[in-house]
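What follows is a short report on a single structure.
The values are calculated or read from the model by the stated rules, or taken from the named source; none is laboratory data. Source: prediction; values computed, not measured. Cβ coordinates were reconstructed from backbone atoms using ideal geometry, including for glycine residues, and neighbour counts include every protein chain displayed.
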Amino acid sequence: MTTPGQDHPITCSREPGRVEVLFEGHELADSGDVLLLHEAGYPPVRYFPRQDVAMDFLRRSDKVTHCPYKGQATYYTIVRDRQIIEDAAWSYETPLPGVSQLSGRVAFYPEHVAFKAAGLTPAETRALDVNEVVRHTDSGSGASQAEHWPPNVDMPDDEAWEGDAIGDDQPGTPARP
């Protein structure tokens, strides 16, 4: 066992807000409790609580690796929509003492999934005003369900058509070729 230190710093912090993991547009994880691990010169890694991961789409593989700083990693294969992505996620089931906060969490390789900062948390969600949602939409009758917006252009006279002598009291005479 090697302890993280000045020669190999490892720090964990909470990622603010919610983060989703998407695979081919489908949600694999959604959590407001994501740990961001910063290790030495490596890119940061997001660790999601297992209860926030759709484990039905992950199958434990035979691959196991050992990190002297974090411990033994077990790997998971994504099985979704007839696609199989081998060893696309991993977990430290019993991490070493210096990184014990990784226990019960799953990380994903970013080349196989997309990370998305999610929208508002349920507490921040406000009720939508239905009248604003359906404003100016067609109810099926061909007419708007709300009052009409004022026109942004001047409309021609309903009686006018091309060839009319507008403004004359006399009927117009068509031009002859």
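Between residues in the stretch 92-115 that are in a strand (DSSP E or B) and residues that are loosely packed, with under 14 Cβ neighbours inside 10 Å and modelled with pLDDT of 95 or more, which pairs lie under 6 Å by C-beta distance while being six or more apart or on different chains?
none
With the structure loaded, tell me whether Leu22 is aliphatic (A, V, I, L, M), surrounded by fewer than 17 Cβ atoms within 10 Å (Cβ to Cβ), farther than 18 Å from Gln72 by Cα and touching a residue at least 60 places away in the same chain (Cβ under 8 Å) or whether it fails that test.
Spelling it out, Leu22 is indeed aliphatic (A, V, I, L, M), surrounded by fewer than 17 Cβ atoms within 10 Å (Cβ to Cβ), farther than 18 Å from Gln72 by Cα and touching a residue at least 60 places away in the same chain (Cβ under 8 Å).
Got a number for residues in the stretch 31-45 being assigned to a loop (DSSP other than H, G, I, E, B), surrounded by 15 or more Cβ atoms within 10 Å (Cβ to Cβ) and free of Cβ contacts under 8 Å to residues at least 40 places away in the same chain?
Result for the stretch 31-45: 1.
When the residues of the stretch 19-76 are narrowed to those that are of a type in the set (Val, Ile, Thr) and touching a Leu at 6+ places or on another chain (Cβ under 6 Å), which ends up farthest from Leu96 (Cα to Cα)?
The residue in question is Val21.
What's the total number of residues in the stretch 58-88 that are in contact with a His (Cβ under 8 Å, 6 or more places away or on another chain) and within 23 Å of Gly25 (Cβ to Cβ)?
Qualifying residue count for the region: 5.
Residue check: is Ala54 under 11 Å from Phe115 (Cβ atoms) and either at pLDDT 95 or above or not polar (S, T, N, Q) (or both)?
Judged against the criteria, Ala54 is not a match.
Here's the yes/no breakdown for (1) at negative phi; (2) surrounded by 14 or more Cβ atoms within 10 Å (Cβ to Cβ); (3) modelled with pLDDT under 90:
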residue	(1), (2), (3)
Pro68	yes, no, no
Ala73	yes, yes, no
Asp87	no, yes, no
Gly98	yes, yes, yes
Val106	yes, yes, no
Tyr109	yes, yes, no
Val113	yes, yes, no
Lys116	yes, no, yes
Ser139	yes, no, yes
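For the stretch 10-17, indicate whether the set of residues that are among the aliphatic types (A, V, I, L, M) and either exposed (fewer than 14 other Cβ atoms within 10 Å of the Cβ) or in contact with a Pro (Cβ under 6 Å, 6 or more places away or on another chain) (or both) is non-empty.
yes
Farther than 13 Å from Leu102 by Cβ, surrounded by 13 or more Cβ atoms within 10 Å (Cβ to Cβ) and modelled with pLDDT under 95, is that true of Val79?
Criteria not met by Val79.
Being over 12 Å from the mean Cα position of the chain (by Cα) and part of a strand (DSSP E or B) is the filter here, so list the residues in the stretch 14-30 that pass it.
Scanning the stretch 14-30 gives a single hit, Arg14.
Going by what's in this entry, would Ser61 be described as outside any strand (DSSP E or B) and at pLDDT 90 or above?
Judged against the criteria, Ser61 is not a match.
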